[in-house]
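Right, one structure below, let's go through it.
The values are calculated or read from the model by the stated rules, or taken from the named source; none is laboratory data. Since the structure is predicted, the reported quantities are computational estimates derived from the model, not experimental observations. Note: ideal-geometry Cβ built from the backbone for every residue, glycine included; neighbour counts use all protein chains shown.
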Amino acid sequence: MTIHDRAYLTIAAWPGTLDEPRRAEALEAAGLDAAGARLAARIPAPMICHFVSAAERVSALYQLARRGVAALAPTRAELDALPAPVAAKRMTEAMGSDGTLYLVEPRHGDPQGLRTLDIKLLIRARIENSETLIQANPNAVNDAGRGYLIGGVPAVIARRMADGEGAVQRTTTSRTTDILDIYTTDQRRIRVIADKFDFELLGADRSYTGQRNLDALTLRLLEKAPQAAMDEGFDRFRPPADIHARAHQSGSTGAVRARSDLPAFDFYSPWLALTHDAIQAGPSIP
């Protein structure tokens, strides 16, 4: 089973008629072992409970649907094939629309309209990013092992890290980014990144921080789109093991370890959108 045909068996919603033991029974029928089923039965939905192959998912979904469980099992390839988010640069309220129609100017491409009546889901998240610079003292670069990498770190530094020597210095810088993904009924995803968006449309409600401005924009959209669902659960999401949050850049005298929540969010957002659709559709026997 490769990464691209691996399916993420997801419980979208538990029916109220299933208590914890019966949830575990349903999960066992879907392919989980007894211990894993008991553990997953305690976790609130929505959640990814198991990996199955694309060939196995029909049987797994059948077993869950016949017990009234709303479930889905998208593959990584199917998630990657969904439309990419349109990064918005600014939004302008249409004259006389009373906040129900906006013109979205993307960072790339042509402007497009957004009716609040077409919004089905808003996903609000805070993304944590950090970079750690790992350096040795100037004399360390003459040691044996120069140029070799151990775990993405030059060997001379890796040995000092293992030995606990004070010659290794770490400097970490962190920043946060606030993001709003707007899903529409015509299968678009408009993304507002707080530090890359012009909040002029807020007028007197505009604040000095991206977080507050994005909060104000989210509330304004929700006011005019009462049919839309709202999600703020990304901070509680534990991404699958194949979603990598770290990257390395190395040189002969140091290494930079970068970590970002963005890859996890880029998985979470379309996964949750599909989960939302599954909840709306209800259990369906394949």
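Numerical summary
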read-out: Filter result (in contact with a helix residue (DSSP H, G or I) (Cβ under 8 Å, 6 or more places away or on another chain) and either part of a loop (DSSP other than H, G, I, E, B) or at pLDDT below 95 (or both)) within the stretch 32-49; value: L32, A41, R42, P46
read-out: Residue within the stretch 53-61 that is surrounded by fewer than 17 Cβ atoms within 10 Å (Cβ to Cβ) and under 18 Å from D242 (Cβ atoms) present; value: yes
read-out: Boolean, L82 is within 17 Å of the chain's Cα centre (by Cα), touching a residue at least 24 places away in the same chain (Cβ under 8 Å) and within 30 Å of G109 (Cα to Cα); value: yes
read-out: Hits in the stretch 62-78 (condition: touching a residue at least 12 places away in the same chain (Cβ under 8 Å) and over 15 Å from P240 (Cα atoms)); value: Y62, Q63, L64, A65, R66, R67, G68, V69, A70, A71, L72
read-out: Residue that is nearest to the chain's Cα centre (by Cα), among those in the stretch 100-149 that are surrounded by 16 or more Cβ atoms within 10 Å (Cβ to Cβ) and modelled with pLDDT under 80; value: I134
read-out: Strands (runs of 3 or more DSSP E) fully within the stretch 182-267 counting 3 or more residues that are closer than 16 Å to Y102 by Cα, in contact with a strand residue (DSSP E or B) (Cβ under 6 Å, 6 or more places away or on another chain) and at pLDDT 95 or above; value: 189-193
read-out: One residue from A94, A77, A84 being among the aliphatic types (A, V, I, L, M), under 21 Å from R189 (Cα atoms), surrounded by fewer than 16 Cβ atoms within 10 Å (Cβ to Cβ) and touching a Leu at 6+ places or on another chain (Cβ under 6 Å); value: A94
